[in-house]
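Contents: one structure, followed by commentary.
Derivation of every value follows stated rules applied to the coordinates shown; laboratory data play no part. Remember, it's a predicted structure, so these values are computed and weren't measured experimentally. As a convention, Cβ positions derive from the backbone with ideal geometry for all residues, glycine included, and neighbour counts pool all protein chains shown.
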Amino acid sequence: MSNLLKVDNLHVYYGSIHAIKGVSFEVNEGEVVTLIGANGAGKSTTLNTVAGLLKPKQGTIEFEGKNIVGVPAHKTVSHGMALCPEGRRIFLQMTVQENLEMGGYSRPNSEIESSMADVYQRFPRLKERYKQIAGTLSGGEQQMLAMGRALMSKPKLLMLDEPSMGLAPILVEQIFDIVKELNHSGVTILLVEQNARMALSVAHRAYVLETGTISMSGDAHELAEDDRVRKAYLGES
Amino acid sequence: MVFFSYLISGISLGSVYAIIALGYTMVYGIAKMLNFAHGDVIMVGGYVCYCALSYLNLPAIVAVPLAMIACTALGVIIEGLAYRPLRQAGSLAVLITAIGVSYFLQNGAQLIWSATPKNFASVVHFDLPESMTSLGLSSEAIVTVAACIVIMVVLTLFVNKTKLGKAMRCCSEDKGAAQIMGINVNRTISMTFAIGSALAAIAGVLLCSAYPTLQPTTGSMPGIKAFTAAVFGGIGSIPGAFLGGLLLGIIEAMAKAYISTNLANTIVFAVLIIVLLVRPTGLLGKYAPEKV
């Protein structure tokens, strides 16, 4: 397996606050890798930095062997990565279809239609509601739209930031089933989650992030059995 | 019949306000800033057109596009030099800068063209039959209203149907999310200024054709009125700017005709205050119900 994404010794600051302190991890092609950790551990900051929304002070981010540090966020998508951001951040005043079109913004117009057909096939609910204003969708539908929108760019690497946030348990399961399906169809996934149990159940490998540094890493199933992880993140004593 | 002629003058004045208000509202909607220099771009448009007509003896068909090109460039330069460096700064800093740019343009114009008013010859004048002029119709009014409607329709189609227009709506809602879609936010904001400023040039030419004195402060009052119109209609909304502009023009004309010329502006702003008290988002202000 080859590295699709390789992050090395990443340091990110918010003003004078040192948020990410030397984080290193890698995602291999075909994997589901998850970053778990508590609130404020730096999970979203890490994803946003990889996507180019934040600039690291130090460290390298290699995507397919190319260093992409300093590539602005509007260009990282055409390298083959898509971020489905925390809180979904769909365009609430636009229709479902327009949201998807915007997801394919970086692609030639001729390819939009087939991408959209793929997304509609995966999320039939979105097709039923294609003319509806996105702000009026339910939470689960909005999450599907956010994922569908990210898939419109046909990414090699899909980064999902807290896809289960604010969803009912049944919807959380549905979302994770979709994550598994996407991975089976060949999409590499970097998943950030607070719901560690779910995340570890779908991931191949996992990294535990604690206040800006990686405290543990390894096989997702082994980590799920680890006492420290069980105590801190799975709510078991 | 007198009422009808007041109505026409109100609609035509309102159409100019609407064209200016569209520039305010688009820039506000996308960059979330009030570009108080917008009114002065109108004045620059008027002067460029005036110079092309009087000094270079160019025909109006060349002079007007020239004014539009000059204003487009001016708008993009203002945005790039004055506003872009403040993208992360507080809104007050941007507001003060905009006021500074406004004075800069007015004083610059005074240096170049002096404070003496110029007599602007209408570029949209043609003869109308007696039966129409007796109703108070003028060629300027007809062209202004027609231009306003065309601009409004084209702009609505542009924003709703084209890729760039949709990108503008994305930037208006969420710049971060727009970026990860692959949208270059800075370029999109720049384009918005370009469009708004080209519209300002058209407004300047139409305004000076109807009210032929051109001086460095020509754009400032219509600019403020158009800003009022944009707020009145619901800032950020394109149909709102159109409706707000028209209503403002009509109210102003009627107040001048039937109440008092001196009180016309007072009445216009009083109506604005009442509307904002009842509907704080303006007449067509955006309120999208949001499910969380």
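Data table
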item	result
Listed peptides B:132-140, A:166-174 by packing density, highest first (mean Cβ within 10 Å)	B:132-140, A:166-174
For q = 0.09, 0.16, 0.19, 0.20 Å⁻¹, Debye-computed log10 I/I(0) when each Cα of segment B:14-169 counts as one equal scatterer	-0.37, -1.08, -1.34, -1.40
Relative contact order computed over segment B:2-278 (Cα-Cα under 8 Å; 6+ residues apart), in percent	41
Volume in Å³ per residue [convex hull over Cα atoms, computed for segment B:2-278]	136
Among the listed pairs A:55/B:161; A:66/B:32; A:43/A:154; A:6/A:57; A:66/A:127; A:43/A:156, those beyond 28 Å (Cα-Cα)	A:55/B:161; A:66/B:32; A:66/A:127
Per residue Cα convex hull volume in Å³ - calculated over the protein assembly as shown	178
Packing-based ranking, highest mean first, of A:211-220, A:101-110 given that Cβ atoms within 10 Å are counted	A:101-110, A:211-220
Diffusion constant of chain A at 37 °C, which comes from Stokes-Einstein with the Kirkwood Cα-pair radius and 0.692 mPa s, µm²/s	182
Cβ-derived FRET efficiency at R0 41 Å, residue A:17 paired with residue A:219, nearest 0.05	0.80
Peptide B:156-167 - average C-beta neighbours from other chains (10 Å radius)	1
Cα-projected label distance for residue B:132 with residue A:117, points at 7 Å along beta-carbon direction, nm	5.2
Helix runs (DSSP H) in chain B reaching 30 Å along axis by Cα, Kyte-Doolittle at least 1.6	B:2-31, B:139-161
Size of segment B:82-131 as Cα extents on the principal axes (Å, biggest first)	57, 28, 14
Mean ellipticity per residue at 222 nm, deg cm²/dmol - from DSSP H runs of n ≥ 4 across chain B, formula -39500 (n - 2.57)	-23500 deg cm²/dmol
Residues A:141, A:236 arranged by fewest to most Cβ contacts within 10 Å	A:236, A:141
Net length gained if the chain between residue B:119 and residue B:263 were fully extended (0.36 nm per residue, minus Cα distance)	49.1 nm
